[in-house]
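The values are calculated or read from the model by the stated rules, or taken from the named source; none is laboratory data. Only a predicted model underlies this, so the values are computations on that prediction, with no experimental measurement involved. Please note: Cβ atoms are built from the backbone with ideal geometry, for glycine as well, and neighbour counts cover all protein chains shown. Calculation scope for accessible area: heavy atoms of the full protein, side chains included, ligands and nucleic acids excluded. Shrake-Rupley method; radii C 1.70, N 1.55, O 1.52, S 1.80 Å.
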Amino acid sequence: MAPDARLNVEPNSSQQPSHRAIDNGNPTIYKPKWLVLDDVNIDLITFATFVASTISILFFRYTLTPTLLVAAAIVLPLRLFFPRPKTPEGLVLITGGSSGIGAELSYIFANRGHDLIIVGRNEEQLEAVKENVEKKFQRKVYTISSDLSMPGSAKALYDHVVGKGFQVNVLVNGAGLGGAGDVFEQPIELAERMTYLNCITSVQLTQLFGRDLIKRGKGWMLQISSVGGWMASPGQNLYHATKHYVRAFSEALSIELRAYPGIVNTQLMPNPTHTQFVTRAHADETPMMIAATEDPKYVARAGYNGLCKGKRMVFSSWNAAFNALQMQLLPRSVHLTIASLMNAPLRGAMTMKEPEKRQEKRGEKL
Ligand SMILES: NC(=O)c1ccc[n+]([C@@H]2O[C@H](COP(=O)([O-])OP(=O)(O)OC[C@H]3O[C@@H](n4cnc5c(N)ncnc54)[C@H](OP(=O)(O)O)[C@@H]3O)[C@@H](O)[C@H]2O)c1
């Protein structure tokens, strides 16, 4: 197959198998890699070392201190020094860049010297983010207004961006929509729109832009998922189901990407965060969202830091990690009861404080 003229790259011989698999769509050429020092294998080595040390101490009567020292000598250098951090470079495309976590990521990337393409529907807020970035960080921002919950919108966005001659090096899938309430009361179109926006568009953008990153041998992708991806939630049923999809997709992608060196895929797992998301999802009267105290600024920073470190998954805070862990470990009966209580509307008894809507106002504090 001829090299891709648009990207002006020759297939790199070290990436031949996977590169050809992409062009030919031939899964037999795809070669999974196992001996890679990525953070999946580092977690695996950590776990194996922990199990081996415990067995040695409990069953073979090894002395505690030397065994722990040996375990630490194996695990700590790996955890502290690998994988080598790779700071993102080049043009960043952020869906959901007009508000909340996506807007905060725009400011972080611009502050680190990146030019941006930001996508959303609200043109006024896209322009406000653009103005903030250009004024404060002197970076170029290109705005695109697009409804990404529509079928075909990912391909249309990709064609538009590539047609304008842009080369995207960093993709952030941030646009998302929630929806509180009983599924029987929700319009059936909501399931379609939410699934398109939260799942299908993100996957298709990952495929489309990801292929270009692979061909260039370098790139970064940040998927904004949710701690909700660990929960089955009566009252936020559809939304958390879509985030299960994102979590499974992104985790498995990290392993598939071992065949494509140079590409980082990080999943950000925010706890409930104080953004317009909560009011748009009509979840401002639920205990889960009333407790939504995380600041989108810090959530975005956690995502950016995770991307720089090549992590496959990062939580927005220790609290978020704890919530995901307990939801994983609890018996399902307890899990479902807690999730249902956390998502039950308080019917006027308490409401979340209104989040900041205007990016003009956010700009004053940048
Ligand atoms: N806030 C939370 O509690 C929380 C917790 C966990 C995960 N998350 C995830 O974090 C991501 C960002 O959410 P956020 O908290 O920053 O909420 P937000 O302030 O409401 O931002 C959502 C962004 O998505 C864009 N968007 C929504 N529908 C769209 C559509 N149909 N087409 C194109 N863009 C669309 C919005 O742009 P326009 O307004 O311009 O359309 C906005 O920029 C989402 O994926 C969400 O699921 C949020």
Gain in span if fully extended, CYS308 to PHE47, counting 0.36 nm per residue against the direct Cα distance
91.6 nm
Taking a crude spin-label model, label points 7 Å out from Cα along the C-beta direction, the GLU189 to TRP34 distance in nm is 5.1 nm
Any idea what the relative contact order of the stretch 251-345 is, in percent, if you count C-alpha pairs under 8 Å spaced at least 6 apart?
35 percent
Other residues with Cβ under 14 Å from the Cβ of GLN138 give, with Lys and Arg +1 and Asp and Glu -1, a net charge of +3
Under a crude label model (7 Å from the Cα following the beta-carbon direction), how far is PHE60 from ASP295 in nanometres?
4.9 nm
What list of ³J(HN,Hα) couplings, whole Hz, do you get for the stretch 43-57 from phi and the Karplus terms 6.51, -1.76, 1.60, once you set θ to phi - 60° and write x for glycine and proline?
5, 5, 5, 4, 5, 5, 5, 4, 5, 4, 5, 4, 5, 4, 6
Within the chain, which is the longest segment that contains none of the trypsin sites (Lys or Arg not before Pro) sitting in a DSSP loop with at most 12 other Cβ atoms within 10 Å?
165-346
About its Cα centre, what dipole magnitude does the chain give when the only charges are +1 on Lys and Arg Cβ and -1 on Asp and Glu Cβ, stated in debye to the nearest 20?
1020 debye
Percentage, to the nearest whole number, of Cα pairs in the stretch 258-366 over 25 Å apart
35 percent
The chain: Rg/Rh from Cα coordinates, Kirkwood Rh?
0.99
Along the charge dipole of the chain, which of VAL51, GLY229, ILE188 sits closest to the positive end, that is, farthest toward it, with unit charges on the beta carbon of Lys, Arg, Asp and Glu (+1, +1, -1, -1)?
VAL51
Counting alpha carbon pairs within less than 8 Å and at least 6 residues apart, what relative contact order, in whole percent, applies to the chain?
18 percent
Taking only the alpha carbons of the stretch 184-283, what extent do you get along each of the three principal axes, in Å, biggest first?
46, 26, 22
Give the lysines whose C-alpha is closer than 18 Å to that of LYS365, dropping any in the same chain fewer than 8 places away, or say none.
LYS130, LYS135, LYS136, LYS297, LYS357
Enter the accessible area per residue of the chain (Å², integer; probe 1.4 Å; all protein chains in place).
51 Å²
Identify which of TYR196, TYR142, TYR304 has the largest mean-square fluctuation in a Gaussian network model of the chain, with springs joining Cα atoms closer than 10 Å.
TYR142
Please work out, to two decimal places, the log10 of the ratio I(q)/I(0) at q = 0.21, 0.27 Å⁻¹ from a Debye calculation in which every Cα of the stretch 290-331 carries one identical scatterer.
-0.74, -0.96
Using a 1.4 Å probe on the protein heavy atoms, what percent of the accessible area of the chain belongs to carbon and sulfur?
60 percent
Which aspartates and glutamates have a Cα lying under 13 Å from the Cα of LYS311, excluding residues fewer than 8 positions away in the same chain?
ASP38, ASP39, ASP43, GLU251
The Kirkwood hydrodynamic radius of the stretch 39-81, taken as the inverse of the mean 1/r over all distinct Cα pairs, in Å, comes to 10.6 Å
Give me, ordered by chain and number, the residues 5 or more places off GLN267 or on other chains with an amide H under 5 Å from its own placed amide H.
GLN223, MET313, VAL314
Quote to one decimal, in nm, the extra length available between LYS155 and ALA252 on full extension: 0.36 nm per residue of separation minus the C-alpha distance between them.
32.7 nm
Within the under-13-Å Cβ sphere about SER317, not counting SER317, Lys/Arg +1 and Asp/Glu -1 give a net charge of 0
For each pair in LYS215/LYS309; LYS164/LYS361; LYS155/LYS215, compute the distance between the two Cα atoms and list the pairs where it is over 28 Å.
LYS164/LYS361
Under 5 Å from the placed amide H of PHE82, counting only residues 5+ away or on other chains, we find none
What does the charge count near PRO270 come to, summing +1 for each Lys or Arg and -1 for each Asp or Glu among other residues with Cβ under 13 Å from its Cβ?
+1
Over the stretch 89-157, what is the relative contact order in percent, taking alpha-carbon pairs closer than 8 angstrom and at least six residues apart?
29 percent
